[in-house]
1. Under a crude label model (7 Å from the Cα following the beta-carbon direction), how far is Lys113 from Arg125 in nanometres?
2. Using the C-alpha gyration tensor of segment 245-340, what are the square roots of 5 times its eigenvalues, in whole angstrom, with the largest one first?
3. For Ser345 and Lys330, calculate 0.36 nm times their separation in residues minus their Cα-Cα distance, and state this gained length in nm to one decimal.
4. Taking a threshold of 20 Å on the Cα-Cα distance, which of the pairs Lys162/Lys281; Lys454/Lys477; Lys280/Lys360; Lys162/Lys446; Lys69/Lys171 fall above it?
5. Between Ser479 and Lys180, what FRET efficiency follows from the Cβ-Cβ distance if R0 is 41 Å, with the result rounded to 0.05?
6. About the Cα centre, and with charges only on the beta carbon of Lys, Arg (+1) and Asp, Glu (-1), how big is the dipole of segment 288-384? Nearest 20 debye, please.
7. Give me the number: length gained by fully extending Leu245 to Lys281, i.e. 0.36 nm times residue separation minus the C-alpha to C-alpha distance, one decimal in nm.
8. For a footprinting-style exposure proxy, rank Arg65, Arg478 by other Cβ within 10 Å, fewest first.
Amino acid sequence: MKSILKKKLTFAIAVVTLTGLIWGYGFSNETAAKAPTPSDSRIQMVPGNFSELAKQAQPGVVNIRTVKKIKDGGPVFRHFFGNPFGQRQPFGENDPFRDFFGPFENNPDREFKQSSLGSGFIVDRDGYIVTNNHVIENADEIKVKLSNGKEYDAKVVGRDPKTDLALIKIKASRNLAPLKMGNSDDLEIGNWVVAIGSPFGLEQTVTAGIVSAKGRTIGSGPYDDFIQTDASINPGNSGGPLLNLNGEVVGINTAIIAQGQGIGFAIPVNLAQGIVAQLKKDGAVTRGWLGVAIQDLTPELAEYYGLKEKKGVLVTQVFDGDPADIAGIKTNDVIVAVGDTSVASSRELSSTIAGVPVGKEVDITVLRNGKEKTVQALIAKRDDSDQVARRQLENNEEFGLQAAELTPELARRFGYAENESGVLVLSVKSGSKADRAGIQQGDLVKEINRKPVKSVSDLTSELKKEKSGKSIQLLVKRSNAGFVVIKIA
């Protein structure tokens, strides 16, 4: 009897175990069918290696060494006036977007030679090479070294500080290996990319990573539109190519965050190609100019001006006699489109207008008092020196503050966008009305009693209009703090 029971129990356990195995097998198959696998076309896994890509691309990448003769004023001079090539570093030694410069000698009050290292890449067999403006700016000598070790003197064809791009040329045999241009618009976050350059003078260094983000704004200028990557980029990589897995240039490596690891930025090649073409043809870049001061439309501003949705770019100032003024665009209009191109940010509007040929008439669609209106504007040539001349500096003794109109340099120094509008408070006298009210150095005055402040003269005239004892309300933008309303009694 015990033997029979033991056999039945053994049989039952076997059936249960077999059933579990069959059930588990079916469950595993079902799960595997639903989960993506490495062969899934939606997922591009790590390439086997980058060897072939590197072999094909390295002959088109060059090392750039520059020399400049300067007079050094010692540590104090460098502290106040930035890096050795004369570019200001408004946030001092800890500025996260420092340029890529090599070591230099320190011979106070004497002329000496300062060396700088960078990278570049060949774009055609005639010897044209693309690099960063900050690599070759103000250099007295430019040496280009090819991957085969041959070295050539280079001359500057043209520079564009606004986008930090430059075009140089060498006289070499036509047996050069230009890199093929890709399409940066096709890049997606997560795509593999490869950087080639000379970090710290280590020539032909190849690093790989992914696209971390697109459309990054890092405060370098009005045309910021950087590709962010974690491919290792270091001082000396500046001007070198960022490549896709087809070996095509999709970006020009330009900047890093010194405090961050694996955070580098590249200029999209689609932006660079138009600039390079102009530099090659004319030696300079001509940009379109509409003649407005603008800023992004935040939810607070949309509510302040009674707009139902955050859409477009707010016009904060229209310059007299410029295309926008002639076309009938007004302050507080919201620009939503240029031709058939919608614009959602000041950066998009600036780059779109900059790309319109000078002398071309375009449709500008604006929202005014909640109604859509289209005007025609004849695009003029942007003249940056003229824009600087518009700014003023003035003291207001009664209220105890010194103010100036915002220049690109002041914007960078105080942490505002270059195309921001308003009047910047440079200093506040201790114990003055402005001081007691809470106005601070670096505040940007946008409005007084809901009236836009476009210039220093506007600020002064509005303050003078107010009768003694009457409260004044200032709408102030404070860097890293947003908008603040300040009352002056």
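1. 3.5 nm
2. Square roots of five times the eigenvalues give 34, 22, 13 Å.
3. Computed gain between Ser345 and Lys330 is 3.6 nm.
4. Over 20 Å apart, Cα to Cα: Lys280/Lys360; Lys162/Lys446; Lys69/Lys171.
5. Approximately 0.45, to the nearest 0.05.
6. It comes to approximately 180 debye.
7. 9.9 nm is the gain from fully extending Leu245 to Lys281.
8. Fewest-to-most ranking of Arg65, Arg478: Arg478, Arg65.
No value in this document is a laboratory result; all are computed from the given coordinates. This structure is a prediction, so every number in the text was calculated from the model and none was measured. Counting neighbours? That spans all protein chains shown, and the Cβs are built from the backbone with ideal geometry, glycine included.
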